[in-house]
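Read through the structure below, which is laid out as C-alpha cells, and then see the notes.
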Amino acid sequence: MSDDLDNKIDTQNTDETTEKQDLTVKQSIFRNAVGLALFAFFTAGLIGITQIATKQRIEQNVKAFQQQSLLALMQEGLIDNDLLEDQHDFTQGKFINLELLNIDPKSKAKYFLGFKNGQIKSIILPVTAPDGYTGNIDMLCAISPNGDVLGVRVIEHKETPGLGDKIDIKKDDWITDFNGKNLDNIRWNVTNDGGDFDAFTGATITPRAVVKSIKRALDFYELNKSVFLSHTQIIKPTAVLTSQLIQE
Amino acid sequence: MIKQIFVDGLWVKNPALVQLLGLCPLLAVTGSVVNALGLGLATLVVIVGSNIAVSLIRSYVPDTIRLPAFVMIIASLVTCAELLMQAYAFELYQIISLFVSLIVTNCAILGRAEGFARKNTVWLSALDGLFMGIGFLFVLVFLGAMREVLGHGTLFDGMELLLGPAAADLKIVVFEDYTSFIFAILPPGAFIGLGLIIAFKNLVDNQIEERKKRFATKVVAGAKRVRVTNA
C-alpha cells in the first residue's frame, strides 16, 4: 500500500516530460533558469525576513554570552565596568615576548581590562596551549594587578571526552585550582612532574599543557606589567544620551 | 491512508532505523538527551516545512530542475531554523551548531521531498513530514538517553538549555557517584547503540511476521502474502 503511495503520480510525470520535449533546448533552458531564479528569490527572501526578525535577539545573546564568560573569571562585584567596552588589541611592538601567549596572530585575540571606581582590578589575557592531547586549548586567564590568578576558563578544546575534558568547568572544577596562585606561591607543574597541580587519571598531557600555558601567561604579565597598568578606563558617552539627542 | 503514513514514519519506514538516513547527525549529537532533542526538533521543523513547500510547488517545478529547487528550499529552511535557534536557544546552539547546518545534508529530508511530497497533496505531505520527523526524533532521543545513562549516569541533564531555567529540575541522577563509561560517550558507542536498536526492531518485526504467518496459514491455505495491517 505504501509503495503505491510513493509511485502514485509517476504516470503523470511522464506525461509532463513528453510535453516538455516539444520545447526547443533554448526555451527549456530559459524556462528552467527563470524558474530557479524565482526560487532563489523567494528562499533568499524568507531567510532575509527571519534574519531581520532575529537579528537583535541574536546580537544580545552573543554579547550576554561573552560578558558572562568574562565575568565568570572573577569574583562577583570585583569590577564595575563593561568588559566588552574595555577590550584592546595586542598592538605590534607594544608588548615584549608576546609569543608566550601562543595566540594565533590572525585570530585578532584581545585582552580585557576590569576596573572598579576607575582603578584597574583585573587583566584578562587570552592564552593558547599549543600542546594539548588533541590540538590547541584556548583559554582566558584573569590576573590581578599584583600578579595573582583570579580565574581561568577553557574557551575551546578538543580533548578526549571523559578524560582530558575535565579542564572544562562544566565537567570538573579542577580549573579553579589556579585561583589565587602566583608565580611564587606554588610549583608550576603537574604532580607527575614534581609540581603542585593534580593530573587526571589517564590524562596527564592535557593538564600539563594547561598548567604550562597559565604559567607562561603569568610570565608575560610580569614582563609587560607596566604596559597593562598604564591603561585608564575607557569611558564612553552613554548610549542613553545619544538616543535622546536624536529624538530631539 | 493517514494511518499508513503514521506507521511508515514511526516504524515501517523509520528514517533512522530502516532507511538509515541522516546518520551523521544521529551519531554525532546523541551523547545526551538534550542535544538529541534539540537537533531532532530542528530536523522535524525542517522536514515538515520542506515537505509542505515541495508539495505546494510540485506541479510548477519542471522535472529537470526539481532537485536544485528542493535543495534550495531545504537549505533556506535550515538557515532559518539556525537563526531561530541562535535567537531562542543560544547555549544549546553553541553545542550543536555544526550539526544544525548539517541538517541540509540529511538525506532523509531530500528523500521525503523526492519520494513523497513531490507526488502527494500538501496535507498528506505535511503529515508524512511530521511522522517521519517524529520517527527520527524518537530514535535520536532514545539513543541519546541510552548513551547518557550509560556514559554519565544521568538523564535529562542540561534540559534548561532548551526549555528554559525551569527545566533544570528535570535532571535525574540514575546512578549516584557514577564513574563515566567513556565508551558510550564516544562515537563507537553511538554506532553500537544504534546497531542494538535496529537489531531490536528487526527482532520485533520478525516476531510479528511469524505470528502473521501462523495465523494466515490457518485461514487460507497456500496464501503467500497476506496483509493484515488494515484489518
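Readers should treat all values here as calculations from the given coordinates under stated rules, not as data from a laboratory. Quick caveat, the model's predicted, so the values are computed rather than measured. All Cβ positions, glycine included, derive from the backbone under ideal geometry; neighbour counts span all protein chains shown.
Annotation: amide H-H contacts under 5 Å for A:Lys116 (H modelled 1.01 Å from N, sequence separation of 5 or more, or interchain): A:Asp80, A:Lys121.
Counting only helical runs of four or more DSSP H residues, what would the 222 nm mean residue ellipticity of chain B come to if each run contributes -39,500 (n - 2.57) and the total is spread over all its residues?
-21500 deg cm²/dmol
Kirkwood radius and radius of gyration were both taken over the C-alpha atoms of the protein assembly as shown, and their ratio Rg/Rh is 1.08. Protection proxy ranking, highest mean first, for peptides B:46-54, A:139-147, B:207-215: B:46-54, A:139-147, B:207-215, where packing is the per-residue count of other beta-carbon atoms within 10 Å, averaged. Name the residue from A:Gln233, A:Ile47, A:Ile214 whose Cα lies farthest towards the positive end of the charge dipole of the protein assembly as shown, charges +1 on Cβ of Lys and Arg and -1 on Cβ of Asp and Glu. In the protein assembly as shown, that residue is A:Ile47. Put a plus charge on the Cβ of each Lys and Arg, a minus charge on the Cβ of each Asp and Glu, and nothing anywhere else: the dipole of the protein assembly as shown about its Cα centre is then about 1540 debye.
Can you tell me the mean projection area, over all orientations, of the convex hull of chain A's alpha carbons? Units nm², please.
25.8
For the stretch A:94-194, the orientation-averaged shadow of the C-alpha convex hull comes to 8.0 nm² (one quarter of the hull surface).
In square nanometres, what is one fourth of the surface area of the convex hull spanned by the alpha carbons of the stretch B:27-79?
The orientation-averaged projected area of the Cα hull of the stretch B:27-79 comes to 4.2 nm².
With the alpha-carbon atoms of the stretch B:66-210 aligned to their principal axes, the span from lowest to highest coordinate is 54, 51, 26 Å, starting with the largest. So which lysines can A:Lys55 reach, going by Cα to Cα under 17 Å and dropping same-chain residues fewer than 8 places off? Answer for A:Lys55, where 17 Å is the Cα cut-off: A:Lys63, listed by chain and number. Counting lysine pairs in chain B that sit 8 or more residues apart in sequence, or on different chains, and whose Cα atoms lie under 24 Å apart gives 15. Would you be so kind as to identify all helices of chain B, as entire DSSP H runs, whose Cα atoms reach 24 Å or more along the helix's own axis and whose mean Kyte-Doolittle hydropathy is at least -0.5? In chain B, the long hydrophobic H runs are B:33-56, B:66-88, B:122-152, B:187-219.
Quote the charge dipole size of the stretch B:2-212 about the Cα centre in Debye, to the nearest 20; the model charges only the Cβ of Lys and Arg (+1) and of Asp and Glu (-1).
Numbers: 12 positive and 15 negative charges, 173 e Å.
Here the stretch B:2-212 has a charge dipole of around 840 debye.
Within a straight-line Cα-Cα reach of under 22 Å, A:Lys225 can be paired with the following lysines, leaving aside sequence neighbours fewer than 8 residues apart in one chain: A:Lys94, A:Lys108, A:Lys110, A:Lys116, A:Lys121, A:Lys181, A:Lys212, A:Lys215. Legend: helices of chain A (whole DSSP H runs) are marked when their alpha-carbon atoms reach 15 angstrom or more along the helix axis and their mean Kyte-Doolittle hydropathy is at least -0.5; marked are A:25-71, A:205-229. Shown here for the stretch A:138-244: trypsin sites (Lys or Arg not before Pro) in loop regions (DSSP other than H, G, I, E, B) with at most 14 other Cβ atoms within 10 Å, namely A:Lys158, A:Lys170, A:Arg187.
Relative contact order, whole percent, for the stretch B:2-212 stands at 33, derived from Cα pairs under 8 Å and 6 or more residues apart. Each Cα pair under 8 Å and six or more residues apart adds its sequence gap; the mean of these over the residue count of the stretch A:127-236 is a relative contact order of 25 percent. Under the criterion of Cα pairs below 8 Å and six or more residues apart, the relative contact order for chain A equals 14 percent. Taking only the alpha carbons of the stretch B:1-99, we obtain Rg and Dmax values of 15.2, 43 Å in that order.
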